[in-house]
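Reading through the structure tokens given below for one structure.
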Amino acid sequence: MISRTEFLGKAHHPTFPCGRGRPAKRRGMALVEVIVSLAILSMCITFLAQLMLRGMNESRQARERARAVLLAQEQMEEILANRDDLEAWEKGLAGRFDFDRETGMYRCREPERRRFFWNWEVRRPDKHDGMKEVVVRVQWRIPGRRTLATRCELRALFAGGPPLPAPPEEEAAP
């Protein structure tokens with residue numbers, strides 16, 4: 001019977017991987033290779049973490065913008081539904097919203113909408129005679145900032161309602 005060493009020969013002996021009768025010089029990775037590998041791995045992990053944080057931030061901003069648009073749509077529908085008596089409707093806002101004198105805007109009272117501020121105006125559009133334009137603006141604070149950072153604006157044209165005051169007449173230049 002032939003032994004395993006005789007069958008495989010010197011070329012396949014574990015201490016002589018190159019098959020030339022001398023022992024192998026390398027048995028593992030050098031310290032420099034390990035450090036470079038760890039540096040590359042840490043850069044990849046950092047990049048992925050930043051990518052995830054950016055995605056979460058973009059998602060939060062999209063959610064805030066959607067809430068602002070929903071608030072603007074709700075207020076626009078109320079304004080259009082009450083267009084015949086907007087003064088009485090505006091007086092009723094005090095029961096549902098706080099008026100912030102610093103910004104000149106209404107502020108939502110609900111906790112999830114507390115950082116949203118909004119205002120509205122009715123004006124004469126330049127190009128449409130006999131129509132009125134309603135503009136609803138919503139702004140909100142980004143957590144950690146003191147100023148109103150972002151803005152959403154919704155516009156609509158309607159006919160009817162009380163007459164608007166006449167625009168000021170321009171004086172003729174001498």
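Laid out as a table, the results:
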{"quantity": "Meets criteria (within 30 Å of ARG145 (Cα to Cα), at pLDDT 85 or above and not in a helix (DSSP H, G or I)) for PHE117", "calculated": "yes"}
{"quantity": "Residue within the range 103-111 that is within 23 Å of the chain's Cα centre (by Cα), at pLDDT 75 or above, of a type outside the set (Lys, Arg) and farther than 21 Å from GLU77 by Cα present", "calculated": "yes"}
{"quantity": "Of the criteria (1) modelled with pLDDT of 85 or more; (2) touching a Cys at 6+ places or on another chain (Cβ under 9 Å), which one ARG96 fails", "calculated": "(1)"}
{"quantity": "Some residue of the range 50-59 being surrounded by 12 or more Cβ atoms within 10 Å (Cβ to Cβ) and among the charged types (D, E, K, R)", "calculated": "no"}
{"quantity": "The range 64-107, residues that are in a helix (DSSP H, G or I) and either of a type in the set (Val, Ile, Thr) or loosely packed, with under 10 Cβ neighbours inside 10 Å (or both)", "calculated": "VAL69, ILE79, ALA81, GLU87, ALA88, GLY95"}
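The values are calculated or read from the model by the stated rules, or taken from the named source; none is laboratory data. Because the structure is a prediction, the values reported are computed rather than measured. All Cβ positions, even for glycine, are placed from backbone atoms using ideal geometry, and neighbour counts span all protein chains on display.
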